[in-house]
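Heads up, the thing below is written out as structure tokens.
The values are calculated or read from the model by the stated rules, or taken from the named source; none is laboratory data. Keep in mind the model is a prediction, meaning the values are calculated, not measured. All Cβ positions, even for glycine, are placed from backbone atoms using ideal geometry, and neighbour counts span all protein chains on display. Ligands, DNA and RNA are stripped out before the accessible areas are found, and what is left, the full protein with its side chains, is counted by its heavy atoms. Shrake-Rupley method; radii C 1.70, N 1.55, O 1.52, S 1.80 Å.
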Amino acid sequence: MARKAPTTDPGDENLSVGPAKDWAAGIPGVTVALRDAVRQMGVKRSAQTLPRINQKRGFDCPGCAWPEEDKRHIAEFCENGAKAVAEEATLRRITPEFFAEHSVAELGERSGYWLGQQGRLTTPMVLDEGATHYRPVSWDEAFGVIAEELRGLDSPDEAVFYTSGRTSNEAAFLYQTFVRAFGTNNLPDCSNMCHESSGSALTETLGVGKGSVSLADLGKADLILVVGQNPGTNHPRMLAALEKAKRGGVKITAVNPLPEAGLLRFKNPQNPSGLAGRGTPLADRFLQIKVGGDLALFRAFGKLLLEAEDAAPGTVLDREFIDTYAHGFQDYAAQARTTGWPEILAATGLSRAQIQAAFEEVRDAERLIVCWAMGLTQHKHAVPTIREVVNVLLLGGHVGRPGAGVCPVRGHSNVQGDRTMGIYEKPKAAFLDAMEAEFGLPMPREHGLDTVDAIRAMRDGRAKVFFAMGGNFVAATPDTGVTEAALRTTALTVQVSTKLNRSHAVPGRRALILPTLGRTEVDRQLSGEQLVTVEDSMGLVHASRGRLAPASEALLSEVAIVARLARAVLGAEHPVPWEELAADYDRIRDRIERVVPGFDDFNIRVRRGSGFALPHAPRDSRTFPTATGKANFTVNAFEAPHVPPGRLLLQTVRSHDQYNTTIYGLDDRYRGVHAGRRVVFVNPEDLKTLGIEDAALVDLVSEWTDGTERRAPGFRVVSYDTARGCAAAYFPETNVLVPLDSTADISNTPTSKAIVVRLEAAG
Ligand code: SF4
């Protein structure tokens, strides 16, 4: 019984702004979760589905990648997890009739929210060249269209194969096997836009591009720094872990330009105090740092640690760790000591006293953990910033010690797993060697295109076919105008999707929509029901089993789509037994076990309890597979964003009713925004200086070094407690302001957290 989707597309006509909150979750978190669940699934299906989220025999939440404790709660999900599941398990259906009614041009006029609310895709659809509407197509015809285009290319490098972080390990492994068998490493993924900077910095300094902290470590720490992250919205169950740590005596310092509710206080709905009381204060210290000022802050911590050691030798630094396990200490120390306070204070916007007080807790912590997210990774100097974080941790030996380490918190449920499976445009030679040994096929060795380079290649006509395994490429990427034009130049765009989104309305000359199973649904193949696996933010690999009947009998799993596509493109004689692998995912896991280190006895271990942890040499044995064989201190240029007078530094953020580019609703209740999204948060003192009134309507205009400007029109000004000189607004609406060429050094990640803008009266 399909539920009716909203027909009207609400803009901001009912937008209202009230006071921001200083606490997260609580009863509203429960009521909103249940309201959205019932709205999408009805009461019975909600009661069937919600209790299965993140349970050992249940399915993995398609939201973020926050891990679970071995002992599960009855409700092992948060408000935003419930929203993610409700939208996937919705009873709303998009049938061929919908596409007959709505032209591509009309869909292009619709908001991302409206598109997402239309429900689950049910039928493969094709947009013929010159057509205005998608029409239904058989799977065989669809794979035929893709094979024809791919085989017609002059080179496999004229095709781009994108991956969103929701793709399971099994589908990701088979997908990269197909793409490399086809002959290219053009495997960009959403990680390019989020934690690529973390991967680059950690691989260089520690030898492993992943976090070294387990959930248990959070409770063993003395101090946790939560930097450039808004867990209340983006990793909500992290609040329960922080609350537990707090109750165990752990101190928490939050570093953020915005006083996010989820950093200040948590009303845990699983506890009486969370339901009826004031909840648990989280951050003991809140440093309202300027956007992009984190490099300076960690440089200051390093400088002060060195000076404290100078004053009392042998009492501050972990000399044994530095001498035994680290490289480059002297050069780093020399630079840190010479960094001046005027530039540190200017870059951070903090007072000397604030930094001193925070430093003393860093100094006194035996076990220090630093957690971070996009607030560090989406800047021009993101990689040096994360290197400075590592420098401070190495001074105290806070790697490979229980209760200490690095904790980049991943945003997408299997984004880390996809990378582990080989979804990477710069694969290591060892991985390709193992692939060649396993499949007896030559692997392409030339590095491929990441996300930004893929857009450039499409723009410049060097890439002619774009294939996306999930995601919403158009809304997730920068420079929206340029990206959309680039996609439209291609011969073919293919979107493997569960729901409608803006990328379906930005087709190449031809386009395909391939509807796939969701995590909540039974995945039945020739050998029976299949489980898939994912890897969470802390390197735990675990199983996910869907239980709901598929939204349509025409759906194929991601694995089945890859297997049939590979056979269609590579031919009937191709030696890889695609069909056999798709018939039983245990066979894919056997291949993974032989190719990817750390997956021994994969099929056995993943069926036990909560799965298993992947090895992490720096954590497990203080072994650092770096260029020096040691943990590397680094010397980094002192950088901070430069903002001309009369301009502000804008960071793009999510609202609380949003997950990546998926808009669940139009509220951002923690920040006091209701029924609207085109708002810009600005400090009241900055408004005074700029002569702009609260609630005024402005255009945001970004200014790029090449003199080009980009405009996002019609934003309501919200006078808000942001760091001075710093503003914030939601993406994807403000992605248009981020120039394609404005990327982080080394990682090439778009600088979505640091956009120089001016505010102009609208209209
Ligand atoms: S914290 Fe993340 S993974 Fe967990 S339920 Fe919420 S959205 Fe899902």
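Among the residues of segment 33-51, is any closer than 22 Å to VAL474 by Cβ and buried (at least 19 other Cβ atoms within 10 Å of the Cβ)?
Of all residues in segment 33-51, those closer than 22 Å to VAL474 by Cβ come to none.
The answer is no, given that none of the residues of segment 33-51 is closer than 22 Å to VAL474 by Cβ and buried (at least 19 other Cβ atoms within 10 Å of the Cβ).
LEU50 meets the conditions (1) part of a loop (DSSP other than H, G, I, E, B); (2) within 12 Å of the ligand (Cβ to nearest atom) in every case but one. The failed one is (1).
Among the residues of segment 246-290, those identified as buried (at least 22 other Cβ atoms within 10 Å of the Cβ), within 16 Å of the ligand (Cβ to nearest atom) and at pLDDT 95 or above are GLU260, ALA261, GLY262, LEU263, PHE266, LYS267, LEU282.
Filter the strands (runs of 3 or more DSSP E) completely within segment 489-563 down to those with at least 3 residues that are farther than 26 Å from ARG57 by Cβ. So that I can check it myself, show each step before the final result.
On the way: elements: 492-497, 510-515, 532-535, 540-544.
In segment 489-563, 492-497, 510-515 are the strands (runs of 3 or more DSSP E) which contain 3 or more residues that are farther than 26 Å from ARG57 by Cβ.
Collect the residues in segment 553-568 that are crowded, with 18+ Cβ neighbours inside 10 Å and either under 31 Å from the mean Cα position of the chain (by Cα) or within 15 Å of ARG524 (Cβ to Cβ) (or both), keeping them in residue-number order.
Our first condition is that a residue be crowded, with 18+ Cβ neighbours inside 10 Å; within segment 553-568, this holds for 555-568.
Result: LEU555, LEU556, SER557, GLU558, VAL559, ALA560, ILE561, VAL562, ALA563, ARG564, LEU565, ALA566.
Checking every residue in segment 289-297 against the condition of being over 27 Å from THR634 (Cβ atoms), part of a helix (DSSP H, G or I) and either out of contact with any Cys (no Cβ under 7 Å at 6 or more places or on another chain) or touching a residue at least 40 places away in the same chain (Cβ under 8 Å) (or both) gives zero matches.
Of the residues making up segment 374-427, those that are open to solvent by 10 Å² or more (accessible area, probe 1.4 Å) and within 17 Å of the chain's Cα centre (by Cα) are MET374, GLY375, GLN378, ARG410, GLY411, HIS412, ARG419, THR420, TYR424.
Between ASN683, ASN632, which is touching a His at 6+ places or on another chain (Cβ under 7 Å), in contact (Cβ under 8 Å) with a residue 40 or more places away in the chain and open to solvent by 10 Å² or more (accessible area, probe 1.4 Å)?
Numbers: ASN683 fails: touching a His at 6+ places or on another chain (Cβ under 7 Å).
Sole residue among the options that is touching a His at 6+ places or on another chain (Cβ under 7 Å), in contact (Cβ under 8 Å) with a residue 40 or more places away in the chain and open to solvent by 10 Å² or more (accessible area, probe 1.4 Å): ASN632.
ARG724 falls short of the stated requirement of being open to solvent by 10 Å² or more (accessible area, probe 1.4 Å) and not in a loop (DSSP other than H, G, I, E, B).
Can you pull out every residue in segment 310-338 that is more than 16 Å from ALA631 (Cα to Cα) and open to solvent by 10 Å² or more (accessible area, probe 1.4 Å)?
Correct list: ASP310, ALA311, ALA312, PRO313, GLY314, THR315, VAL316, ALA334, GLN335, ARG337, THR338.
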